[in-house]
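Report on the following structure.
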Amino acid sequence: MIPFIDAPFTYLGDKIGTGGDELKLVFSFLLSYPLAGVLKRVPDARPEQKNLFILSIGIFYLIGLFDLWDGLRTILVSSIGAYSIALFFRGSPYMPWMGFVFLMGHMSVNHIARQAANDPRSVDITGAQMVLVMKLSAFCWNVADGALPEAELSDFQKDRRLVGLPSLLDYAGYVFFFPSLLVGPAFDYAEYRRWLDTSMFDVPATVDPSKKPPTRRKRKIPRSGTPAMLKLATGLFFVLLFVKLSSWFAPEVLIGPKFLEYGFARRLFVLHMVGLTTRLKYYGVWTLTEGSCILAGLGYNGVDPVTGKVSWDRLQNINPWGVELAQNSRAYLANWNINTNKWLRNYIYLRVTPRGKKPGFRASLATFLTSAFWHGFYPGYYLAFLLASLIQTVAKNFRRYFRPFFLDPKTSAPLPHKKYYDFFSLLATQFAFSFTVAPFLLLGFSSSLLAWSRVYFYAVIGTLVSMAFFASPAKLALKKTLERRAVAAGVVPPDSSTAAASKRPTERLQRISSTDSLPVLGLSDDPQRELDEALAEIKAEMEARRVEFEARAGRKSFSAGAAGSEAKKTS
């Protein structure tokens with residue numbers, strides 16, 4: 001059966017110059033649509049049949065389509081290991097971390113094997129395992145939350161907590177959910193359970209009965225064919241565009257001899273197009289898989305009580321327009337790999353932070369390292385992560401100290417010339433990340449530096465110059481100018497106290513320009529602040545140890561003196 005399935009894909013791949021496994025991957029995404037349609041029609045009252053159908057299709061994908069026997073073993077080891085840890089160590093506060101370390105360690109072994117094999121045109125299990133790590137590490141945390149009092153949980157934790165462990169069949173269906181098995185999107189078990197028992201589709205009493213979404217044949221899952229087909233068409237468009245452009249803008253172009261023949265402007269254009277072409281592949285893949293999840297009903301995200309319009313964006317993993325038109329680094333990263341951002345935020349960043357305390361350096365460092373190791377161990381990843389983190393810092397400072405000049409100081413409404421700021425921000429963001437992601441595509445250290453050198457390290461130099469600028473007195477000058485501007489506009493009344501007069505506009509400025517402080521894809525937007533926090537923590541720890549040491553030394557001296565006095569009395 002395997003040779004029979006493999007032969008047409010190998011033949012077609014040779015004809016169009018691509019790998020047979022890559023074609024099979026796209027075929028699996030397309031096949032998921034009719035199969036998701038069948039899954040949706042399994043009676044709502046028979047969840048065990050849904051699970052068995054999901055399990056059989058998932059195993060067929062791994063074995064029948066890709067011959068990934070090792071991949072099946074990998075998924076079984078990870079899923080059985082995570083379930084066992086949750087079962088036997090449920091009462092331990094270390095249980096979720098045990099599961100996390102086990103899953104990340106297992107995946108790291110496969111990342112290293114993948115890197116050693118160095119065959120990017122073949123499909124291995126690491127992509128599916130990366131999705132599985134997100135799902136199963138979240139599962140361990142959800143089980144741990146189920147053992148805690150509700151008073152100690154956030155609203156998100158209450159929504160996702162698991163009071164008891166699921167049955168093995170339900171768990172297997174969650175692990176092998178075929179529309180998202182190979183490349184995602186990831187989701188929590190509580191969402192899968194609500195989809196399985198159809199409680200996800202309960203319409204709140206606040207919704208007018210006439211606004212309830214239409215269903216077919218008394219099924220609770222609303223009709224989802226139209227939004228799913230739109231995702232299918234969009235995903236295919238991205239895939240076809242990628243196939244067309246990849247022959248011109250493959251990553252190898254950046255280190256080829258012909259690239260040196262171009263002028264600097266054309267090199268920038270080619271560099272940007274290489275990144276865009278690679279993104280098109282992910283746009284296509286993630287849009288296709290999201291569409292099949294929507295068709296199965298799992299993409300359902302509620303209904304608008306006023307219009308009755310159904311939202312199907314629960315599992316959206318990419319916002320192409322948000323990425324391509326981003327005017328700052330946070331918007332660029334937040335619209336990319338959305339579900340990974342959610343996982344890092346909810347199950348790493350906020351979990352490292354002790355309850356009742358504000359996340360700090362340790363939380364950011366743990367999130368950064370998790371994101372880096374989760375992606376793999378190619379040197380290019382770490383070059384890209386490091387530069388992106390510095391760009392985040394620079395972008396934050398530009399937004400905080402330059403953007404207010406283009407806003408009305410009273411209303412914060414855009415001034416007429418803000419369109420120039422927006423256009424420049426768009427260009428700066430896009431070309432900064434075109435440069436930054438090049439190592440992510442080339443992977444190797446020397447090839448990454450070679451590509452950067454051919455465009456004269458423009459993003460590195462620009463970032464370092466900007467950091468030096470904001471570390472100079474110029475930052476204070478900008479800050480004072482903004483404060484005077486606010487006072488002149490009557491936002492802050494003149495005050496005899498300079499400190500009081502300057503504090504208010506500064507606070508208002510920060511409110512206007514601040515964004516969500518949580519890290520995006522594990523990248524800090526303020527490494528300097530977190531370095532200061534780290535140094536403060538180290539200093540406080542050293543001071544605490546010094547005080548403790550002196551206290552112990554004092555107690556020992558007192559004990560020795562008391563013993564000496566007692567000895568003299570005795571003699």
Query raised in the report: For residue 250 and residue 553, what does the FRET efficiency come to when R0 = 56 Å and r is the distance between their Cβ atoms, rounded to the nearest 0.05?
Result: 0.25
Query raised in the report: How large is ³J(HN,Hα) for each residue in region 337-343, as worked out from phi by the Karplus curve 6.51 cos²θ - 1.76 cosθ + 1.60 (θ = phi - 60°), to whole Hz, x for Gly and Pro?
Result: 6, 4, 5, 5, 4, 5, 5
Report summary line: In whole percent, the fraction of accessible protein surface over the chain that belongs to carbon or sulfur atoms, probe radius 1.4 Å, stands at 65 percent
Report summary line: So, relative contact order of the chain in percent, Cα under 8 Å, 6 or more apart, is 13 percent
Query raised in the report: Which value in nm describes the separation of the simple spin-label points at residue 108 and residue 207, placed 7 Å from the Cα toward the beta carbon?
Result: 4.5 nm
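Of the listed pairs 15/281; 231/419; 309/410; 24/50; 231/418; 50/212, which have alpha-carbon separations greater than 27 Å here?
As for pairs spanning more than 27 Å Cα to Cα, those are 231/419; 309/410; 231/418.
Averaged per residue, what accessible surface does region 1-149 expose to a 1.4 Å probe, in Å²? Mind showing how you got there, number by number?
Numbers: 6810 Å² over 149 residues.
Accessible surface, normalised per residue, equals 46 Å².
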Query raised in the report: Rounded to the nearest 500, what is the chain's calculated 222 nm mean residue ellipticity when only DSSP H runs of at least 4 contribute -39500 (n - 2.57) each, over all residues?
Result: -21500 deg cm²/dmol
Query raised in the report: From the square roots a ≥ b ≥ c of the eigenvalues of the alpha-carbon gyration tensor of region 1-133, which class results: rounded (a/c under 1.5), prolate (a/b over b/c), or oblate?
Result: oblate
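Could you work out the local net charge near residue 473, counting Lys and Arg as +1, Asp and Glu as -1, over the other residues with Cβ closer than 13 Å to its Cβ?
Working: positive: 475, 479, 480; negative: none.
Charge balance in the 13 Å sphere: +3.
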Query - Stretch gain in nm, segment residue 41-residue 147, where the contour uses 0.36 nm per residue and the Cα spacing is subtracted - result: 34.6 nm
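Only four residue types carry charge here, +1 at the Cβ of Lys and Arg and -1 at the Cβ of Asp and Glu. Report the dipole size of the chain about the Cα centre in Debye, rounded to the nearest 20.
On the way: 67 positive and 44 negative charges, 284 e Å.
The calculated dipole for the chain is roughly 1360 debye.
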Requested in this report: Can you tell me the FRET efficiency between residue 240 and residue 543 if r is taken as the Cβ-Cβ distance and R0 is 45 Å, rounded to the nearest 0.05?
Outcome: 0.10
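Provide the gained length on full extension for the span residue 405 to residue 94, in nm with one decimal, where the gain is 0.36 nm per separating residue minus the Cα-Cα distance.
Gain on stretching residue 405 to residue 94: 107.0 nm.
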**Report entry** Neighbourhood net charge (10 Å Cβ-Cβ; Lys/Arg +1, Asp/Glu -1) for residue 254
**Finding:** +1
Query raised in the report: Going through the DSSP H helices of the chain, which span 24 Å or more along their own axis at the Cα atoms while scoring at least 1.0 as a mean Kyte-Doolittle hydropathy?
Result: 69-88, 225-246
Report summary line: Taking a ≥ b ≥ c as the square roots of the Cα gyration tensor eigenvalues, with a/c under 1.5 meaning rounded and otherwise prolate when a/b beats b/c or oblate if not, region 51-210 comes out oblate
Report summary line: Once Lys and Arg are counted +1 and Asp and Glu -1 for all other residues with Cβ under 14 Å from that of residue 134, the total becomes +3
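Let me know the shape class of region 237-370, please: from the alpha-carbon gyration tensor, a ≥ b ≥ c as square roots of the eigenvalues, rounded when a/c is under 1.5, otherwise prolate if a/b is greater than b/c, or oblate. Kindly include the intermediate steps, with their values, before the conclusion.
Numbers: a/c = 2.64, a/b = 1.37, b/c = 1.93.
In terms of gyration-tensor shape, oblate.
The values are calculated or read from the model by the stated rules, or taken from the named source; none is laboratory data. Computed from a predicted structure; not experimentally measured. Neighbour counts are summed over all protein chains in view; Cβ atoms, including those assigned to glycine, are modelled from backbone coordinates with ideal geometry. We work out accessible area using only protein heavy atoms, side chains counted, and drop any ligands, DNA or RNA first. Shrake-Rupley method; radii C 1.70, N 1.55, O 1.52, S 1.80 Å.
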